[in-house]
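These notes are about the structure you will find just below.
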Amino acid sequence: MIKSHFKIPGTLLFLAAAAAANTAAAAVGSGHRNIVFILTDDHRFDAMSFMGHPFVETPNLDSLAKNGAHFPNAFVTSSLCSPSRASILTGLFGHHHGVVDNNNPVRGDLVFFPQLLQQAGYKTAFVGKWHMGGESDAPQRGFDRWVSFAGQGVYWPGKRRDGRPFTLNIDGHNVPQKGYITDELTDHALDWLKTVPKEQPFFLYLSHKGVHGPVQPAERHAGRYKDKPVPVPESQTRHEHAPMWVQNQRNSWHGIEFALYTELDFASFQRRYCETLLAVDDSVGRVLAALRERGQLDDTLVVYMGDNGYAFGEHGLIDKRTAYEESMRVPLLAQCPAAFKPGTVVKQVVANIDIAPTLLAAAGVAFDAAHFDGLSFWSLARGEAIAWRSELLYEYYWEHNYPMTPTLFALRGERYKFIRAYGVWDIDELYDLERDPHELKNLIFDANHAKIVQAMREKLFAALQSTGGMNIRLQADRGGVSNLRREGASPPAVFPPELVRKTAPARK
Ligand SMILES: [Ca+2]
């Protein structure tokens, strides 16, 4: 395999042990297994009925959890569309693949794992939102079939500002979009599947636009939840020792006080978001039905994942980008009755960087485990005990377009999370996720946690150092800027008392 980055020898030995275990897992793969990977956009981890959501109905996603595996601790290493998608395709951290915003193009030397599947004899298809490389919708390497659109795409057909219709790029040819995007993408995916002979191994990457905002449900789902009460999260109004940048973001494009610069009724937004998700759930059901019809449901691996989370008012915020749980946690489900038991729950911390090695292992395609920052969790789903990570590195790089979220580095352990806001005069964060799962109380100034803060800080920088993450990538400005505040809403945050002195400290 092509090595597209340089790795500094690891100081995190558990990663090396886990990588060795992954090589073994790949070697005992089960032959050329068919794989369907369904990605959804901005789907929160708990917006599914089996997760106890108060009203959304997701029978098909629920069935994946019931008949397959649920990964309740699945995360992304960068909570933003393009960086997360690049991590899925390459198995690399953002600081390796270099896609750290939604606007700049992808390097040409990166290996996308579907290329390796193609080399192993798979037929591959990409259907849906690509959203890397600016506004291009051109076919990308690794796929025999290509159906995509420029940028975010649109839910309904229509015309652009310049009068041209919104189009899909099908294998290099632009055709007008005909219907509701989630349904139309599913049609294209299943039409392609019909062309694949039964004995031909295939990989289908179905990448939905839903449920990215501004959300628009299918006609058959519009208004279904219009009368449903929407709960307000506790952290919307309570966050002890929130950093100033978080307090300030309440009154911004990504805050509840000036959300998207509209009089957005956030409860209505959440209802429409859930209604929009229903077509995605329908799509999952149609894919499962098509596999059943082909007699391939039992031995096909079907994976469902979100590209990043989304805050529903937690910490006074909407959107993703932050290292809070609602932002970095994603839904992840996998079903393959021939390979693993129904009702499997994998509690280990898994991530978007694990998808490439996991799907290659599931495919039985040999790969160099050391190439990837991620690890294959194929063995975990099969109930095998393997060495695994105890902490996950998180990174987000400041964007000129949305200047209210600073560069963030975080280490998410099984119990504690440490967050460093980089490049701003502000405070770090430490949360005890066991006692405080909603991250209401920042323990950064708590004397009883001082040693944990120190240990987590050291581990965070060791993780960055050992994976070559000590250089922050700069990007030239592209696109507009959303930097406004609302008059009369929350004033600028004040410095926490721990940083304020009545007199100047004595000079040494
Ligand atoms: Ca997204």
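General observations
- Test for R389: is it of a type in the set (K, R), closer than 25 Å to H97 by Cβ, surrounded by 23 or more Cβ atoms within 10 Å (Cβ to Cβ) and at pLDDT 95 or above: no
- Exactly one residue out of S49, S78 is at pLDDT 95 or above, within 16 Å of the ligand (Cβ to nearest atom), within 21 Å of S327 (Cα to Cα) and not aliphatic (A, V, I, L, M), and it is S78.
- The single condition among (1) part of a loop (DSSP other than H, G, I, E, B); (2) surrounded by 24 or more Cβ atoms within 10 Å (Cβ to Cβ); (3) free of Cβ contacts under 8 Å to residues at least 40 places away in the same chain that G179 does not satisfy is (2).
- When residues of the stretch 190-223 are limited to those that are among the basic types (K, R), more than 15 Å from the ligand (Cβ to nearest atom) and part of a loop (DSSP other than H, G, I, E, B), the one modelled with the lowest pLDDT: K198
- Residue among R145, R141 that alone is under 29 Å from E219 (Cβ atoms), more than 20 Å from the chain's Cα centre (by Cα) and away from the ligand (no atom under 16 Å from the Cβ): R145
- The set of residues in the stretch 86-105 being touching a strand residue (DSSP E or B) at 6+ places or on another chain (Cβ under 9 Å) and under 15 Å from G469 (Cα atoms) consists of S87, F93, G94, H95, V100.
- Considering residues of the stretch 306-353 that are of a type in the set (K, R) and either part of a loop (DSSP other than H, G, I, E, B) or touching a helix residue (DSSP H, G or I) at 6+ places or on another chain (Cβ under 6 Å) (or both) only, the residue nearest to the ligand (Cβ to nearest atom): K320
- Look at the stretch 141-154: where a residue is within 21 Å of T90 (Cβ to Cβ) and basic (K, R) and a partner is at pLDDT 95 or above and in a strand (DSSP E or B), sitting 6+ places away or on another chain with Cβ atoms under 9 Å, you get R145/K123; R145/T124; R145/A125; R145/F126; R145/V127; R145/I170; R145/L204.
- From the list A311, A267, the lone residue that is in contact with a strand residue (DSSP E or B) (Cβ under 9 Å, 6 or more places away or on another chain) and under 23 Å from E325 (Cβ atoms) is A311.
- Test result for L168, closer than 26 Å to A290 by Cβ and more than 16 Å from the ligand (Cβ to nearest atom): yes
- A search for C-beta distances below 9 Å between a residue of the stretch 297-320 that is at positive phi and any residue that is in a strand (DSSP E or B) and surrounded by fewer than 23 Cβ atoms within 10 Å (Cβ to Cβ), counting only pairs 6+ apart in sequence or on different chains, returns D319/Y402.
The values are calculated or read from the model by the stated rules, or taken from the named source; none is laboratory data. Here the structure is a predicted model, which means the values were calculated and not measured. Glycine gets a Cβ as well: all are built from the backbone with ideal geometry, and neighbour counts include every protein chain shown.
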